[in-house]
1. Across the chain, how many lysine pairs, 8 or more apart or on two chains, come within less than 12 Å at their alpha-carbon atoms?
2. Over the chain, with the other protein chains present, what is the accessible area per residue in square angstrom, probe 1.4 angstrom?
3. Out of the total accessible area of region 21-141 (probe 1.4 Å, heavy atoms of protein only), what percent is carbon and sulfur?
4. Can you list residues from other chains, or at least 5 along the same chain, whose modelled amide H is less than 5 Å from the amide H of S46?
5. Looking at the chain as a GNM with Cα springs under 10 Å, which of Y126, Y25, Y82 has the largest mean-square fluctuation?
6. Round to the nearest 10 and report in Å² the accessible area of E114, as given by a 1.4 Å probe over the protein chains' heavy atoms.
7. Considering only K122, K103, K55, give the residue with the highest GNM mean-square fluctuation for the chain, with springs between Cα atoms whenever their separation is below 10 Å.
8. How many Å³ per residue does the convex hull of the Cα positions in the chain occupy?
Amino acid sequence: SYKQIWFVSYPDGAVRQITKNFNNYGRLSLSADGKNLVSVQQDFNSNVWVLNIDKPLEAAKITNGKFEGLGLSWTPDNKILYGSVVSGSLDIWIMDADGKNKKQLTSDASAEIEPCVTKDGKKVVYLSNQNNGNWNIWMMD
C-alpha cells in the first residue's frame, strides 16, 4: 500500500483524499496560514533484469517502465510472468526471457500482482484485489 495524503476537516471529521498515485508521501508540514502543504514525495522505479549466474556483469534490463517486476515467475517454456503498471493499473504480463513479445494477461480496474506459474505451466496463480479491494489468491489459465 502506498502512503497518500488525506485531508480531515475539523471539527466534522470529513475525509478527502488529496493524492492518489503510486508514490509515497511523508514528512508533511503546513504553512503558517494553513493553506499550503509541503511533503516529501518518495518515488522509486522497479524493472526486470536477467543475468546468467556465470556472467553477472552482463546483466540486462529487459523492462523500461516505472513499476515493472511486481512479482516474477519463469514459465516452463522460458517466458517470464511479471506484475506491471505500464498500462496504468497493476496487471499481470508475460514476455520472452529477452524482454521481447510483451503481452498483457489481465486488464481490469482491480490490481493483480505476484504471478506464479504452476509446475506444468498451465495455470497462473496471482494476488488480486477484485473482491471489494480485499486481496485474495486467484488463478487463470
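1. So the count works out to 5.
2. 69 Å²
3. Roughly 52 percent, rounded to a whole number.
4. F67, E68
5. Greatest mean-square fluctuation among the candidates belongs to Y25.
6. Approximately 90 Å² of E114 is accessible to the 1.4 Å probe.
7. K55
8. 141 Å³
The values are calculated or read from the model by the stated rules, or taken from the named source; none is laboratory data. The model shown is predicted, which means the values in this text are computed figures rather than measured ones. When the accessible area is computed, the model is the full protein with side chains, heavy atoms only, and any ligands, DNA or RNA have been set aside. Shrake-Rupley method; radii C 1.70, N 1.55, O 1.52, S 1.80 Å.
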